[in-house]
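Notes follow the structure.
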Amino acid sequence: MKKLVIIPAYNECGSILKAVDDIKIHAPSFDYVVINDCSTDGTLDICRRHGLNHVNLSVNLGIGGAVQTGYIYACQYDYDVAVQFDGDGQHDAAFLDEMAQELVETDSDMVIGSRFIEKEGFQSSGLRRVGIRYFSALIRLLTGKRVTDPTSGMRMVNRDVMQIYAKNYPKDYPEPESVTAILRMGKKVTEIPVVMKQREEGTSSIGGLRSVYYMIKVTLAILMERLRG
Amino acid sequence: MMTVKLQIVIGIAIVIVFTILVNMIRRRSLELKYALSWMAVLCALFLFDCAPKLLIVVSDFLGIYAPVNMIFFLGFCFSLVIIFSLTVALSRLSNSIRTLDQMVALNEKRLQELEAELKSAKERKGQEEESKIWKN
């Protein structure tokens, strides 16, 4: 079984090497690809100098476009399993094998690494947790399925979902929307507990006025998924 | 009723804008395809500007008191339509750019891989030939 880790990277020069090493050590059965989303801080330099397997976007596409590039790559190179993995030190590669096992054993189409099943590790700030609960409730209302961590960026998918995402993937804040899309298609989504760390480098893309835009945009996006049928 | 002075001012403005528009198309800084809707608006405005009586008929029909308001109202509506069509075009463009960017990136990756393969193949061939020479 060919397995790929997709690492979207935008200005992650301080942590990208650590993330790749983490994967090489703790999840050696996985291949990886770094998607450099037109970083301005020399992330590309590091990828070249250290010979990281990378794909270099020449126009900044945002997280959605970068991750989608990874899914297209996974389809082109005939991977059976693809998993998203943040390059900023939040995610722990030690969970990847466990996720792959879950994907195969439960015959799921997607496995999400959830922070909120065993409530261990970094739990995000209070206000954000409220937002995440709200999305969780909204998705449950619209699809009848329970997803405890719909915003988790640590998600493993099989070939089927990979191909769906290669064709269609939201541009910004893509996680809740894309989960809803495949749930509406009747795909099976399961979750396993993972521990996430507080990011080591960079700041979250969500905060202040952006968070208002985030809530409205993602809510509408989820509702639109419902309308698409 | 519109004053003749206003009629002339509007008329001149329309002619100036039209000239700029044509000039930009000539210099290819504006696509004729996207300029067509602007030209249609200008023509409609010019028509009403020259024959305000026509406006009275339409504004009476729609129940608007002053014909000049009618011009502004129609202009406003047309502008909204054009802006909306631009938003549609923008969405389409950003999707195209996204796909193009991804394809360029993946092709570049493929190219690098092929180059590396070619290089190692050449090296292998070189070594083989070298060993042949040694054997002879």
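One residue alone among B:Ser79, B:Ser94, B:Ser85 is within 14 Å of another protein chain (Cβ to nearest Cβ), closer than 29 Å to A:Lys171 by Cα, assigned to a helix (DSSP H, G or I) and among the hydroxyl-bearing types (Ser, Thr, Tyr), and that residue is B:Ser94. Please state which of the following conditions B:Glu130 fails to meet, knowing it meets all the rest: (1) of a type outside the set (Gly, Ala, Ser); (2) part of a helix (DSSP H, G or I); (3) surrounded by 12 or more Cβ atoms within 10 Å (Cβ to Cβ); (4) away from chain A (no Cβ under 14 Å). Of (1) of a type outside the set (Gly, Ala, Ser); (2) part of a helix (DSSP H, G or I); (3) surrounded by 12 or more Cβ atoms within 10 Å (Cβ to Cβ); (4) away from chain A (no Cβ under 14 Å), only one is false for B:Glu130: (3). Every condition in (1) closer than 24 Å to A:Asp172 by Cα; (2) more than 12 Å from chain B (Cβ to nearest Cβ); (3) open to solvent by less than 40 Å² (accessible area, probe 1.4 Å); (4) not acidic (Asp, Glu) holds for A:Ile72 except the one numbered (2). Scanning region A:92-120 for residues that are of a type in the set (A, V, I, L, M, F, W, C) and either closer than 13 Å to A:Met196 by Cβ or buried (at least 20 other Cβ atoms within 10 Å of the Cβ) (or both) gives A:Ala93, A:Ala94, A:Phe95, A:Leu96, A:Met99, A:Ala100, A:Leu103, A:Met110, A:Val111, A:Ile112, A:Phe116, A:Ile117. Do we have any residue at all in region A:36-53 that's within 9 Å of another protein chain (Cβ to nearest Cβ) and under 16 Å from the mean Cα position of the chain (by Cα)? Yes, region A:36-53 contains at least one residue that is within 9 Å of another protein chain (Cβ to nearest Cβ) and under 16 Å from the mean Cα position of the chain (by Cα). When A:Ile35 is tested against the conditions (1) assigned to a loop (DSSP other than H, G, I, E, B); (2) closer than 28 Å to A:Asp160 by Cβ, the lone failure is (1). Quick check, is A:Val83 assigned to a strand (DSSP E or B), within 24 Å of B:Ala105 (Cβ to Cβ), in contact with a Phe, Trp or Tyr (Cβ under 8 Å, 6 or more places away or on another chain) and facing chain B (nearest Cβ under 10 Å)? It is false that A:Val83 is assigned to a strand (DSSP E or B), within 24 Å of B:Ala105 (Cβ to Cβ), in contact with a Phe, Trp or Tyr (Cβ under 8 Å, 6 or more places away or on another chain) and facing chain B (nearest Cβ under 10 Å). Annotation: B:Phe72 fulfils all but one of (1) open to solvent by 100 Å² or more (accessible area, probe 1.4 Å); (2) assigned to a helix (DSSP H, G or I); (3) more than 15 Å from B:Gln7 (Cα to Cα); the unmet one is (3). With respect to being surrounded by 14 or more Cβ atoms within 10 Å (Cβ to Cβ) and either charged (D, E, K, R) or part of a helix (DSSP H, G or I) (or both), B:Ala35 fits the description.
The values are calculated or read from the model by the stated rules, or taken from the named source; none is laboratory data. Note that this is a predicted model, so its numbers are computed, not measured. All Cβ positions, even for glycine, are placed from backbone atoms using ideal geometry, and neighbour counts span all protein chains on display. Surface accessibility is based on the protein's heavy atoms, side chains included, excluding ligands, DNA and RNA. Shrake-Rupley method; radii C 1.70, N 1.55, O 1.52, S 1.80 Å.
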